[in-house]
Structure formats: structure tokens, C-alpha cells
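Report on the following structure.
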Amino acid sequence: MPLERLKSKLTKEVMWLYILRLLLERPMYAYEIKRQIQERFGWEAATVTSYVVFYRLKQEGYVTTEWVESKEGRPNRKYYAITEKGRTLFEEGRKFIEEMVENLFGKP
């Protein structure tokens, strides 16, 4: 079904864009990012897919990680933070999407 494929392409296949958008606000841990994607953007990211995307973003220098000790007996958490390279990538992705939407639908 064409609409379902479109939804997949604009969500799961560009999950990195959603992750970087959230990290522009503040560092977050993986489960928090996954939850925010669902709450704010209205779709559920698969756990395995999320971790693959996090790994790639880190390997390519778009995010950094830092282990933070938790209090009250909770496990330590790995927080992700966006780098300058990640900010640049996000802006390039944003501009591409804006141009694509304008070309397809015209200016608002």
C-alpha cells in the first residue's frame, strides 16, 4: 500500500532525523528518546532499530555518549548528546525536506 510505504519512509527510515531533533534540546538516554519519538511524533520506534541508529550516529561522529551514574539503586545510563557535526547534518536534512515539500506542494 503506497501510503503505508510513505509513512515508513518518513519515519523509521529517517529515524536519525528525529533523534537529532530531540538531542538539539538536551542530552537523553536511549529509552527516553524512544519514548519521546512516540509521544511527540506519533510513531513507535522499534528497540533494535533504535540501537542500530544510535550506534551509527555515534560511529559517524554525529552524537557522543556519556555514562551517568544513577542514584537510588537504578542502573547507570548512557546519555546521547548531539555534536556540531550532528547539528550540521540535522540542518541539512531539515533544509532538504523543506525544499522537497515546497517543490511538491508549493509555498504555504
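Derivation of every value follows stated rules applied to the coordinates shown; laboratory data play no part. Only a predicted model underlies this, so the values are computations on that prediction, with no experimental measurement involved. So basically every Cβ, Gly included, is an ideal-geometry build from the backbone, and we count neighbours across all protein chains shown.
For the stretch 21-55, a residue qualifies if it is closer than 18 Å to Glu91 by Cα and among the basic types (Lys, Arg), and the qualifying residues are Arg21, Arg26. The helices (runs of 4 or more DSSP H) found entirely in the stretch 19-106 that carry 2 or more residues being touching a residue at least 24 places away in the same chain (Cβ under 8 Å) and more than 11 Å from the chain's Cα centre (by Cα) are 47-59, 84-105. Here is the figure for the stretch 1-18: residues that are among the polar types (S, T, N, Q), in a helix (DSSP H, G or I) and in contact (Cβ under 8 Å) with a residue 24 or more places away in the chain total 0.
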